[in-house]
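Participant: Could you have a look at this structure, given as structure tokens, before my questions?
Just so you know, all these numbers are worked out from the coordinates, no wet-lab data involved. Please read all numbers here as calculations on a predicted model, not as lab measurements. Here the Cβ is made from the backbone with ideal geometry for all residues, glycine too, and neighbour counts use every protein chain on show.
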Amino acid sequence: MKILVIAHNEAKANEAEKMILAIDDKLKVKKVYLGAKSVPRHFEAVVIYHTSPAEINFIKDEIQRYGEAPIKAYMAKVGAPVYGDAAAHKAKAFAGDKSGELIAWLKQNRQELEEFMLKCFNSLDKDGNGFIEATELRAISKELGRELDSAEADECLKDIDINKDNKISYEEFAKWWLSGRQGLSPWMRVLLSSKVTTLKLMDTLSAPMKQVLGDVTEASLHDIATSSLTLNINNVDEPGLSADIKLLFLSPQL
Ligand SMILES: [Ca+2]
Ligand SMILES: [Ca+2]
């Protein structure tokens, strides 16, 4: 499992990495901290590490950037007080001496999400050939009442298609989902949310995930007449960029 560590500085990120690898050296750790040169895009869970609760203030932009990652936990330095407001950030908090429990919790969540992601993927891969293709996305959007044009469908693929073969494999889909569904394709988000609703999977989601997807589905599926919604999209390729996208979708007038 690939874990993204968010910490105040490089030394602290390395400290957290050590703690994680001491529990399971098969885990892979990516790190982001203030002044980090690269911004990791693909991971399966996020661990926010702090040596004092006050540090959270310094890294709040980083936490925000990865806010929609479905599996997220806070880990305190051994002996430091646990961050008190983790629930508000949709994450579970663990004391430093409970790192073993934290890793077990991450793995269990990862497994539970697996089944969910497979169901979603299969519902988008209409012909069942193991890849989500542009034609399938266009067909699904047509069923929802507003067919994407080929440029829009390509845009949906672009964010998730890591190897650039113009189709999405399950592996690519899982990476994208677990990394927080980042990218600038609100259309893909709407398509997915509608599938989650159709598959009646909304109730199987954790409360934070439900909230993320519920924002989209309620506006797009139950209020088709107005069909205007605002999405917050964080594009992690450009750190600090947070765009409000006004999206018109599913309106019969379009
Ligand atoms: Ca297919
Ligand atoms: Ca691909």
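Participant: With each label point set 7 Å from Cα along the Cα-Cβ vector, what nm distance links Q111 and D61?
Facilitator: Modelled inter-label distance: 3.9 nm.
Participant: If you don't mind, there's one more thing I want to ask. If you rank S141, S169, S52 by fewest surrounding Cβ atoms within 10 Å, what's the result?
Facilitator: S52, S169, S141
Participant: Same structure, new question: What three numbers, in Å, describe the spread of the alpha carbons of segment 83-155 along their principal axes, ordered from the longest?
Facilitator: On the principal axes, segment 83-155 reaches 52, 26, 18 Å in Cα extent.
Participant: Same structure, new question: Tally Lys/Arg at +1 and Asp/Glu at -1 over every other residue whose Cβ is under 11 Å from the Cβ of A76; what's the total?
Facilitator: Values: positive: K77, K98; negative: E55, D97.
Here the charged neighbours net out to 0.
Participant: Roughly how many nanometres apart are two label points built 7 Å out from the Cα toward the Cβ at D97 and K28?
Facilitator: Calculated label separation equals 3.4 nm.
Participant: Let me ask something additional. Taking the number of other C-beta atoms within 10 Å as the exposure measure, put V29, V47, V39 in order starting with the fewest.
Facilitator: Least to most surrounded, the residues fall as V39, V29, V47.
Participant: Here is a follow-up. Label-point separation (nm) for K142 and D85, each offset 7 Å from Cα along Cα-to-Cβ?
Facilitator: Going by the 7 Å Cα→Cβ label model, 4.9 nm.
Participant: By average Cβ neighbour count within 10 Å, what is the ranking of 80-89, 93-102 from highest down?
Facilitator: Packing proxy ranking, top to bottom: 93-102, 80-89.
Participant: Same structure again: Over all alpha-carbon pairs of segment 46-131, lay out the pair-distance distribution in 5 Å bins, whole %, shortest bin first.
Facilitator: Bins of 5 Å from zero give 3, 14, 21, 19, 15, 9, 7, 6, 4, 2, 0 percent of pairs.
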